[in-house]
Amino acid sequence: MSTGTQIHLLSEAVANKIAAGEVVERPASVLKELVENALDAGARRLEVEIAVGGRKLVEVADDGCGMSRDDALLSIERHATSKISTADELERVATLGFRGEALAAIAAVSRFSMITRRKEDDGATELIVNGGRIQDVREVGAPPGTRVAVRSLFFNVPARRRFLRSEQTEAAHLRQVFITYSLARCDAAMRLRVDGRETYNFGPGESLEERIRSIFGADFVESMRAVDFGGGDLRVKGFVGLPHVSRSDRSGQYIFINGRPAQVPLVSYALREAYRTVLPKERHPVVLLFIEMPASSVDVNVHPAKREVRFRRPGPLRDLLIGGIREVLSSAADDRRAVTRPAAVGHELGSDIFTTERTVARPAVQYPSSQLSSLPESMPLSGLRSEEQVPRQADTQKSEGEPGSRPWRWCRILGQAGGLYVVLETEEGIVLMDPHAAHERVLYEKFMHELERHSVKTQGLLSPETVEMEPRDAERVRTNLDLLRRSGFGVDEFGEDTFIVDAIPSILGDVSAAVILGDVARSLERSGMRGASEEMAEARIARAACRAAVKARDRLTLREIERLVSDLAQTEMPYTCPHGRPTMILTTFHELARKFGRE
């Protein structure tokens, strides 16, 4: 049996390379750290140069405060920083950097050079480091500020270098970092050159809208809506996108906490809730949000690369975001820039079963037809009977200046296709409507209006239903019994995981209580409901209940379709069901003419 020591200290060189692995994952990580240092130094102008996807060169020059010779030498030592001095200061970090690891980590895995000068100094200090070893320190001439050049990244860590992606991929990550910090600091002038070509050049003192326009273009700005709301010591500013500019991932979400770009699961959850009724599950909204709060309310010391933050009181921020964004989306139609195809100043669908014209002034979110996804599969719905296959047309007159925004001025029901989809002719083209999705939207909004007015009508069941549930579903129902009762359900515990239901909201019609209660239970996810507002819970109950009610229908007559078309036109968000699926797809006459070669 060996008695020798098997545990030993790693050499400084090995330890530095291990530490570098936590901070420097790829060239984009280098750029992030260098830009943060420049901004923390008070820079108002940044020049960024990259070559060969960052493998050959990542360089950042700034006009910040610069450093003395001694500070320059200390800056490449691990855990050397000017940002904090005591552990207590970690509780209220106000700078982008604070760990004191970045420059040491970068210098350990590259050929590193830095030229820095303070305004009060006569000369600048040049520092040359090769793989963590200082090669030279000398005085040179240079303007105030700091220029850091990182060459041959990972030259001494071949395994890490082999894991880098293609030059184009790494360059894309570098551009993304540059864009993110350009949005974070619109007051600073920033220029990016890629392989000798100027890619971006932003002037100083731009507004956020101007910077967004410079980066993404004017059409993108037209699809965004400004937000500015707050409560207590929280403030949220920025822009949120209308649903038709959503994406399949979160790449279009820029979140800044006290000016710091961050990944925030709490904000991601709040965005899902805010857009839940207007976006499908697989789509994500585009947002640029600047959240301001006391530094002591947020913990930035969570991840070595400072990617994530945590909040000491997450509930108020979550509810503030959900409520504020929903209000902006609901009022989007008041701004005429939001109205795109299919859209028009509304007219009531009139026919022999509608004798009274009503004007409904209401907000709505509009969706361009080109952005609406394909209709999903739905349950079979019988076609119209032969005697009902007569086109019905209705037309009413209303001033263009009246409030309200309907999806059509007039429409004519042509029939059904595939035994399911309703075919409509409107003034703009041909509309295919999914009656199940449309019915769900109509029921949901009627249900929510009754909840908001505290006037939910209930209907007693002829005989109470006994509903036995899985333990986790039963617990969700048990936890929300009072809320369910206020939502129109007559429900009580009936031993262990069994409940007795003797009434349901009358708006849901003749639907099995077991089906509705099961859908409601599954919608009340424990993680989402903990600490959530009552309004959010009511919306979840309404969505689940309406979905269950719609599933129970498999036949619609022509008169029912007419009523559904009219009711859908009066909803606040007629283009999606409460879960974000589209209710209709428009093909304009212009598109048809182009496809038939008439244009």
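Taking region 421-471 only, how many residues are in a strand (DSSP E or B) and touching a residue at least 12 places away in the same chain (Cβ under 8 Å)? Number of matching residues: 19. Among the residues of region 220-244 satisfying the criterion of being touching a Pro at 6+ places or on another chain (Cβ under 9 Å) and in a helix (DSSP H, G or I), which is surrounded by the fewest Cβ atoms within 10 Å (Cβ to Cβ)? Here the residue is 244.
The set of residues in region 506-537 being in a helix (DSSP H, G or I), modelled with pLDDT of 65 or more and out of contact with any Asp or Glu (no Cβ under 8 Å at 6 or more places or on another chain) consists of 506, 508, 515, 516, 517, 519, 520, 523, 537. Of all residues in region 463-476, those satisfying the criterion of being of a type outside the set (D, E, K, R) and at pLDDT 85 or above are 463, 464, 466, 467.
With a requirement of 2 or more residues that are of a type outside the set (Phe, Trp, Tyr) and under 18 Å from residue 51 (Cα atoms), the helices (runs of 4 or more DSSP H) lying completely within region 144-219 that satisfy it span 158-162, 167-184. Could you please let me know if residue 67 is farther than 29 Å from residue 310 by Cβ, assigned to a loop (DSSP other than H, G, I, E, B) and modelled with pLDDT of 90 or more? Against the criterion (farther than 29 Å from residue 310 by Cβ, assigned to a loop (DSSP other than H, G, I, E, B) and modelled with pLDDT of 90 or more), residue 67 qualifies. Does residue 137 satisfy the condition of being in contact (Cβ under 8 Å) with a residue 12 or more places away in the chain and assigned to a strand (DSSP E or B)? Against the criterion (in contact (Cβ under 8 Å) with a residue 12 or more places away in the chain and assigned to a strand (DSSP E or B)), residue 137 qualifies.
A single entry from 486, 478, 522 fulfils the requirement of being surrounded by fewer than 21 Cβ atoms within 10 Å (Cβ to Cβ) and out of contact with any helix residue (DSSP H, G or I) (no Cβ under 9 Å at 6 or more places or on another chain): 478. Looking at region 110-117, is at least one residue over 19 Å from residue 76 (Cβ atoms) and either in a strand (DSSP E or B) or assigned by TED's automatic domain parsing to the domain that holds residue 65 (or both)? No, there is no match, as no residue in region 110-117 is over 19 Å from residue 76 (Cβ atoms) and either in a strand (DSSP E or B) or assigned by TED's automatic domain parsing to the domain that holds residue 65 (or both). From the list 177, 236, the one residue that fits, being more than 30 Å from residue 582 (Cα to Cα) and not polar (S, T, N, Q), is 177. The residues listed here are 520, 515, 422; of these, the one that is of a type outside the set (D, E, K, R), under 30 Å from residue 563 (Cβ atoms) and not assigned by TED's automatic domain parsing to the domain that holds residue 546 is 422.
Scanning region 569-587 for residues that are crowded, with 17+ Cβ neighbours inside 10 Å and either more than 27 Å from the chain's Cα centre (by Cα) or over 13 Å from residue 435 (Cα atoms) (or both) yields 569, 570, 571, 572, 573, 578, 579, 580, 586.
Regarding region 124-131, can at least one residue be identified that is closer than 25 Å to residue 65 by Cβ, aliphatic (A, V, I, L, M), surrounded by 12 or more Cβ atoms within 10 Å (Cβ to Cβ) and touching a Gly at 6+ places or on another chain (Cβ under 7 Å)? Scanning region 124-131, I find at least one residue that is closer than 25 Å to residue 65 by Cβ, aliphatic (A, V, I, L, M), surrounded by 12 or more Cβ atoms within 10 Å (Cβ to Cβ) and touching a Gly at 6+ places or on another chain (Cβ under 7 Å), so the answer is yes. When the residues of region 245-274 are filtered to those that are surrounded by 18 or more Cβ atoms within 10 Å (Cβ to Cβ) and charged (D, E, K, R), the one that is nearest to residue 217 (Cα to Cα) is 260.
Of the residues making up region 553-599, those that are assigned to a loop (DSSP other than H, G, I, E, B) and of a type in the set (S, T, N, Q) are 557, 570, 571, 583.
Evaluating residue 418 against the criteria (1) free of Cβ contacts under 8 Å to residues at least 12 places away in the same chain; (2) under 23 Å from residue 489 (Cα atoms) leaves one unmet condition, (2). Can you find, within region 40-64, the residue that is nearest to the chain's Cα centre (by Cα) among those that are in a loop (DSSP other than H, G, I, E, B) and closer than 15 Å to residue 168 by Cα? If we take residues in region 40-64 being in a loop (DSSP other than H, G, I, E, B) and closer than 15 Å to residue 168 by Cα, then 55 is nearest to the chain's Cα centre (by Cα).
The values are calculated or read from the model by the stated rules, or taken from the named source; none is laboratory data. Note that the coordinates shown come from a computational prediction; the quantities given were computed from them, not determined experimentally. Please note: Cβ atoms are built from the backbone with ideal geometry, for glycine as well, and neighbour counts cover all protein chains shown.
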